[in-house]
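Nothing in this text is a laboratory measurement; each read-out follows from the coordinates by a stated rule. Everything numeric here is computed off the predicted structure, so don't read it as measured data. Using ideal geometry, Cβ is built from the backbone for each residue, glycine included, and neighbour counts are taken over all protein chains shown.
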Amino acid sequence: LACELTASVQESIASADAKQSKSDASPVTVADYGAQALVSAALATAAAEAGAPPPALVAEETSAELLATDVDGSVLTRITALVNEAIAGMGKGEETGLTTMNEADVLAAVDQGGGTGGGSGEFWVLDPIDGTKGFLRVLLS
């Protein structure tokens, strides 16, 4: 699902809301946020279905960063639409157990990646698009 979402963004990357800059001036795309939300939600859903707690995730993006740069809410709206298109696509929503997400669900899923990791216990590291500059460079050339 996350791969399908990022591929759909690749096809429309020229859109003004597809790319933003974070506070550290590094680029971030709607694909970064959408893929992180999908993977986080899928892992939490799978864990719940197995009767386990959601896995601890250490991820790059945060809802605070998204909301700080999304002054009119249009980027969150686009991310939510992309997430739901991916869930609905080709019946895969049923395979993952994911259902339609609203904007609050997307923000919560992004923030599931707020773990700190550490020297003990288990955690996942999540960076759906490792190398956003390269992702953009390929698309814009």
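General remarks:
- Inter-probe distance in nm under a simple model that places probes 7 Å from Cα toward Cβ, at Thr69 and Glu103: 1.8
- Computed from label points 7 Å out along Cα-Cβ, the spacing between Thr45 and Ser23 is 3.2 nm.
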